[in-house]
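No lab work stands behind these numbers, since they all come straight from the coordinates. Keep in mind it's a predicted model, so treat the numbers as computed, not measured. In this analysis, Cβ positions are derived from the backbone assuming ideal geometry, glycine residues included, and neighbour counts consider all displayed protein chains.
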Amino acid sequence: MSLKITSKVENQTALLSIAGEVDMCSSPEARKEIAALVKKEIPRIVIDLSGVGYMDSSGVATLIEGLQMCNKYDGKLVVAGLRDNVREVFELTKLDKIFEIYEDAEAALTE
Amino acid sequence: MTKTIELHLTSDPPLLSVMRAAVSKVCEIAGFDQMDTSKIILALDEACSNIIKHAYKGKTGQSIIITCRIKPSRLEFILEDEGEPADVKKIKSRPLHEVRPGGLGVYLITSVMDKVKYSDGTEVGNRLFMYKQRPKDAKK
């Protein structure tokens, strides 16, 4: 199952919107898109996950990788719009303490 | 009375979504709510992903059999593959304080399910047994 991914960059902030199920099959697509933004050293990357109905540990690993790459150039990667089951994965893995999590993309963009 | 469902799939990552849909229905029949169903699906998905990655080293077209047993008190799963046997002593998750990609699959499986047991000493393949207690108010 492929993901639907869109991205736009405005005022030094990137909004990457992901829709679909993020698993070992589809997470490389997300990884590629995040890596492209990181390569441009965009100061703030907002990942909108409101369209993600499922995420496994490979999806989580993709986000951790993005966060760590961002940290290397003092950038910031935040996530927004987590559905309950995706939020649960963050909580189970204690990543809710590592990532900045916003209610929705709008809140993350206006921060 | 035990209700049994057997799922046969090959080690092709796109089939994981089919497995998830089937397990979702099994959980529904067993009386789990949406949140527990999501967690059980996650555990099964992680277990199948591990079979594909580690037992079959990413080789597609190989056998994975998932037996689901809805028992009066619990929902059991047995996952069997014919890949490289794992060294059970080496199966572990990374410490959560080490924030790095990977190593969370086993942690998620063990934190979601009530019991997880890997068979040891097999010459070919692996067998993973796990279960979760059914909700007390579930229709038996």
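The value of relative contact order for chain A, using C-alpha pairs under 8 Å at least six residues apart, is 25 percent. Computed over every Cα-Cα pair of the range B:3-133 and binned at 5 Å starting from 0, the pair-distance distribution P(r) comes out as 2, 10, 21, 24, 21, 13, 7, 1, 0 percent. The value of relative contact order for the range A:1-57, using C-alpha pairs under 8 Å at least six residues apart, is 44 percent. Pairs of C-alpha atoms in the protein assembly as shown farther apart than 22 Å represent 55 percent of all such pairs. Look at B:Ile41, B:Ile78 and count the other Cβ atoms within 10 Å of each Cβ; fewest to most, that gives B:Ile78, B:Ile41. Remark: relative contact order (chain B) = 29 percent; criterion is Cα-Cα distance under 8 angstrom and separation of 6 or more residues. To make sure I understand the rule: partners must be lysines, Cα under 27 Å from the Cα of B:Lys89, and not fewer than 8 residues away in the same chain. Which ones qualify? Result set, ordered by chain and number: A:Lys94, B:Lys39, B:Lys53, B:Lys57, B:Lys59, B:Lys115, B:Lys117, B:Lys132. With neighbours defined as other Cβ atoms within 10 Å of a residue's Cβ, the residues A:Thr62, B:Thr2 order from fewest to most as B:Thr2, A:Thr62. Rounded is the label for the range A:4-110. Its Cα gyration tensor axes, ordered a ≥ b ≥ c, give a/c under 1.5.
Helix A:27-39 versus the longest principal axis of chain A: what angle, 0 to 90°, nearest 10, using Cα atoms? Once rounded, the angle reads 10 degrees.
Of the chymotrypsin sites (Phe, Trp or Tyr not before Pro) found in the range A:16-111, those in coil by DSSP whose Cβ has at most 13 other Cβ atoms within 10 Å are A:Tyr73. Between the range A:21-44 and the range A:52-66, how many Å separate their Cα centres? The range A:21-44 and the range A:52-66 have Cα centres spaced 10 Å from each other.
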